[in-house]
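> I'd like to ask you about the structure that follows.
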Amino acid sequence: MKKVLACICIAFVVGIYIYVPSIKNMFLTGDFEVISEFMKSYGVYAVAISFFLMVFQSIAAPLPAFLITFANANLFGWWQGAILSWTSAMAGAALCFYIARFLGRDVAEKLTSKVGLKQIDEFFERYGKNTILVCRLLPFVSFDYVSYAAGLTSMSFIGFFVATGIGQLPATIVYSYVGGMLTGGARLMVTGLMILFALAALITILRGVYMDRKRNI
């Protein structure tokens, strides 16, 4: 039954990707305001549309999720947008995990890329059980690739889900706070991304220092 549901989800996304190219093109513009206006056009259903878009981009990796997070903050307010972005990203991560777990590596590679998954495999070899948390804190590591890769390991779903929730929270809050202040323009968007990158790099460096000191004790 779970395999059937996973196949249905993939078929649904592929169908949208083919027959509703405007959604794909919307992401490719790199403009969160375009996505915001798209969601806003659905009125009271804007929240549901946002949730759907986040899950859609999760399966159809590697579309940029941060555009939706910016759009949510801009449209609903930063903290309401953060809650919406976090919960929908968690749903997307869970779906990717189960697609990989029940349909295998071949399907995961077709939805992502063979090279991309191999790079994430190296993270798992290096960081072990801490991989999910580490990768979630690094903005340059694909959120969706990590979810698919985790499903191919022996990791439990609960462990994956908890680590994803904790690791994704800082990025979501920062993206949402920055997104809530943006009024448009590529310069401001890049500024927001650089802020997040700097914070993630700082966390990674501090963690490395802590681990080195712990090993030397």
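The values are calculated or read from the model by the stated rules, or taken from the named source; none is laboratory data. Given the structure is predicted, the values throughout are model-derived calculations rather than measurements. Using ideal geometry, Cβ is built from the backbone for each residue, glycine included, and neighbour counts are taken over all protein chains shown.
Each row is one residue, and each column tells you yes or no for (1) surrounded by fewer than 18 Cβ atoms within 10 Å (Cβ to Cβ); (2) within 14 Å of Ala100 (Cβ to Cβ).
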position	(1), (2)
Phe123	no, no
Arg126	yes, no
Tyr145	no, yes
Gly159	yes, no
Ala163	no, no
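> Here is a list: Leu193, Leu169, Leu202. Which entry is modelled with pLDDT of 85 or more and surrounded by fewer than 20 Cβ atoms within 10 Å (Cβ to Cβ)? Working first, answer last.
Values: Leu193 fails: modelled with pLDDT of 85 or more; Leu202 fails: modelled with pLDDT of 85 or more.
Exactly one of Leu193, Leu169, Leu202 is modelled with pLDDT of 85 or more and surrounded by fewer than 20 Cβ atoms within 10 Å (Cβ to Cβ), namely Leu169.
Quick grid of which residues meet (1) aliphatic (A, V, I, L, M); (2) in contact with a Lys or Arg (Cβ under 9 Å, 6 or more places away or on another chain); (3) modelled with pLDDT of 95 or more:
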| residue | (1), (2), (3) |
| --- | --- |
| Phe51 | no, no, no |
| Phe56 | no, no, no |
| Ala60 | yes, yes, no |
| Ala65 | yes, no, no |
| Ile68 | yes, no, no |
| Asn72 | no, no, no |
| Leu75 | yes, yes, no |
| Thr87 | no, no, yes |
| Ala94 | yes, no, no |
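> Please state which of the following conditions Asn130 fails to meet, knowing it meets all the rest: (1) surrounded by 24 or more Cβ atoms within 10 Å (Cβ to Cβ); (2) without any contact (Cβ under 8 Å) to a residue 40 or more places away in the chain; (3) farther than 19 Å from Lys40 by Cα.
Unmet for Asn130, out of (1) surrounded by 24 or more Cβ atoms within 10 Å (Cβ to Cβ); (2) without any contact (Cβ under 8 Å) to a residue 40 or more places away in the chain; (3) farther than 19 Å from Lys40 by Cα: (1).
> In segment 137-165, which residue that is at pLDDT below 90 and part of a helix (DSSP H, G or I) is farthest from the chain's Cα centre (by Cα)?
Among them, the one singled out is Tyr145.
> Could you grab me the full set of residues in segment 117-160 that are among the aromatic types (Phe, Trp, Tyr) and within 21 Å of Arg105 (Cβ to Cβ)? If you could, list the steps in order and put the result at the bottom.
Restricting attention to segment 117-160, the residues satisfying the condition of being among the aromatic types (Phe, Trp, Tyr) are 123-124, 127, 140, 143, 145, 148, 157, 160.
Phe123, Phe124, Tyr127, Phe143, Tyr145, Tyr148, Phe157, Phe160, listed by residue number.
> Criterion first (under 21 Å from Phe66 (Cα atoms), touching a residue at least 60 places away in the same chain (Cβ under 8 Å) and of a type in the set (Val, Ile, Thr)) does Val141 satisfy it?
Values: under 21 Å from Phe66 (Cα atoms): yes; touching a residue at least 60 places away in the same chain (Cβ under 8 Å): no; of a type in the set (Val, Ile, Thr): yes.
The answer is no for Val141.
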